[in-house]
Amino acid sequence: MNILLLGSGGREHAIAWALAKSKRCDHLFVSPGNGGTEALATNLPDIDITDGQAVLSAARAHDIDMVVIGPEVPLVAGVADVVRDAGILVFGPDKQNAQLEGSKSYAKAFMHEHNLPTADGKTFTDEALAVQYVKDVGAPIVVKADGLAAGKGVVVAQTAQEAIDAVHNCFEGGFGNAGYRVVIEECLTGPECSLLAFVTGGKAFCMTTAQDHKRALDGDLGLNTGGMGVYSPVPIVRDDELASMQRIMADAAAATAKPPFEHDYRGVLYGGFMLTPKGPKLLEFNVRFGDPETQVILPRLKTDLVDVMEAVAKGRPEDINLEWENNWAVCVVLTSKGYPQKYQTGKVIHGLDKVGAMDNVIVFHAGTAHNAQGELVTDGGRVLDVVGLGATFDEARQLAYKACESIDFEGKTYRHDIGAKAAAGRQSWK
Ligand code: AMP
Ligand code: GLY
């Protein structure tokens, strides 16, 4: 099977790595790809992956049997619809289903309609009414721009004024079209946990739990980032909480196979949960694999990913049977100094051969490229995702950190406490 994977992050390197392991993968293309996918696949750097016709032309030119869509932007733009309508298999939901990530108010209405536990809240298209609601309810309170905002559209406000400022920012165009509708909801407390599922034919096949670290600095301080580290499974999740999250994902999947959806959902549905004192509640849906969650989930998947993705793309839940390694994975993200704000690129990366010789360590590339001299250099804020695998959580953590020390580039920065809170137990969360 010839496969075209869209995207360029660490998530896509991890997907490419898992696809390339399969005997069923004849030729793998990644568009645009990065310095890591280049070693496993043919990168196609010049395609506009948010343009369905451009993706379809590339798929036809390379005799592609299945297109796998990594990021949310092409999904929300309807790239899956164009390619699927042309008779090519697609792993990734169509435009209508992708609204579950593309519009927070749509997702919220879906959660309420199908009794999926979530924060109480309201959607506003009128700025004055939104401000009045904040005044009535008081802080802490959460303000969310409706549309895609690259992870920056949510403000967890500790004071009413902060929430009112966030409402003004949304309506004044701070998030472009994403902000002219806002969701305002109650502030939940508890540890966060992600549960991703392969969804097809109205059925959910849950993966293993994962937990991201969004803040830039140790101790969960500093600015929000795309993710500084992650582990899987999440040791602090109780069995009853896991069962409840799995039930919620199954209910969500069943709902996607019924009207008003024209087509059943075929791809990954990502449930972002908060483990509240009243049980797990949904914070959000994403309509794709998480980044960096994928980097700790796929190395633990024993089942052939090509088989799974083909079954999803064909709408054949009966062909899916997921098997997982009985181990732990911890990923530490190496970033460029300054990320998530201004940072430099083009710094030569050393030490990957040494790390490549270590057992149970995998390095996925997030932002790398080759320079004119053919050297591997930094090419983004998040540069490398260093994954340690172990029989215990501590073993996996220690291995990931040992590997991080062996890699070098100017400005290398990373958090030193990935997994520390979980290792200390549930009481670490307020
Ligand atoms: P979202 O994009 O909806 O996942 O929101 C981004 C982040 O904001 C989440 O990962 C949480 O840390 C936080 N957040 C979102 N909704 C809430 C909520 N209702 N209560 C507390 N924190 C929230
Ligand atoms: N790691 C969070 C996300 O992929 O949205």
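Things to note:
- By definition, a body whose alpha carbon gyration tensor gives a ≥ b ≥ c is prolate when a/c is 1.5 or more and a/b is larger than b/c, and the stretch 193-278 fits this prolate description.
- With the convex hull of the Cα atoms taken as the outline of the stretch 146-300, the averaged projected area works out to 10.3 nm².
- Gain on full stretching of the segment that runs from Gln158 to His27 - 0.36 nm per residue minus C-alpha separation: 42.0 nm
- The ellipsoid that matches the Cα gyration tensor of the stretch 227-319 has semi-axes, each √(5λ) in whole angstrom, of 23, 19, 12, with the longest given first.
- The local environment of Pro233, defined by Cβ-Cβ distances under 13 Å, has a net charge of -2 under the rule Lys, Arg +1 and Asp, Glu -1.
- FRET efficiency, Lys302 to Met1 (Cβ-Cβ, R0 25 Å, nearest 0.05): 0.80
- The stretch 111-223 - convex hull of alpha carbons, volume per residue in Å³: 143 Å³
- Kirkwood Rh, angstrom, the chain [1 / mean 1/r, Cα pairs]: 22.0 Å
- Quarter of the Cα convex hull surface for the stretch 361-430, i.e. its orientation-mean projected area (nm²): 5.9 nm²
- In the stretch 313-430 the Cα-Cα distances spread across 5 Å bins starting at 0 as 2, 11, 18, 17, 15, 12, 10, 8, 5, 1, 0 percent of all pairs.
- Debye equation applied to the C-alpha atoms of the stretch 1-159, log10 I(q)/I(0) at 0.13, 0.17, 0.19 Å⁻¹: -0.71, -0.95, -1.08
- Ratio of Rg to Rh over the stretch 255-392 (Cα coordinates, Kirkwood Rh, two decimals): 1.04
- Overall dimensions of the stretch 49-116, expressed as equivalent-ellipsoid semi-axes from the Cα gyration tensor (√(5λ), whole Å, largest first), are 27, 11, 8.
- The alpha-carbon atoms of the stretch 1-84, seen along their principal axes, cover 29, 24, 18 angstrom, with the largest extent given first.
- Percentage, to the nearest whole number, of Cα pairs in the stretch 141-205 over 19 Å apart: 44 percent
- Think of the chain as having a plus end and a minus end, set by charges on the Cβ of Lys, Arg, Asp and Glu; of Phe175, Leu282, Val268, Leu282 sits farthest toward the positive end of this dipole.
- When +1 charges are put on Lys and Arg Cβ atoms and -1 charges on Asp and Glu Cβ atoms, the dipole computed for the chain relative to its Cα centre reaches about 580 debye.
- Mean separation of Cα contacts under 8 Å, 6 or more apart, over the residue count of the stretch 184-308: relative contact order %: 31 percent
Every number in this text was worked out from the coordinates using simple rules, so none of it is lab data. If you're wondering where the values come from, they're calculated on a predicted model, not measured in any experiment. Note that each Cβ is placed from the backbone with ideal geometry, even for glycine, and that neighbours are counted across all protein chains shown.
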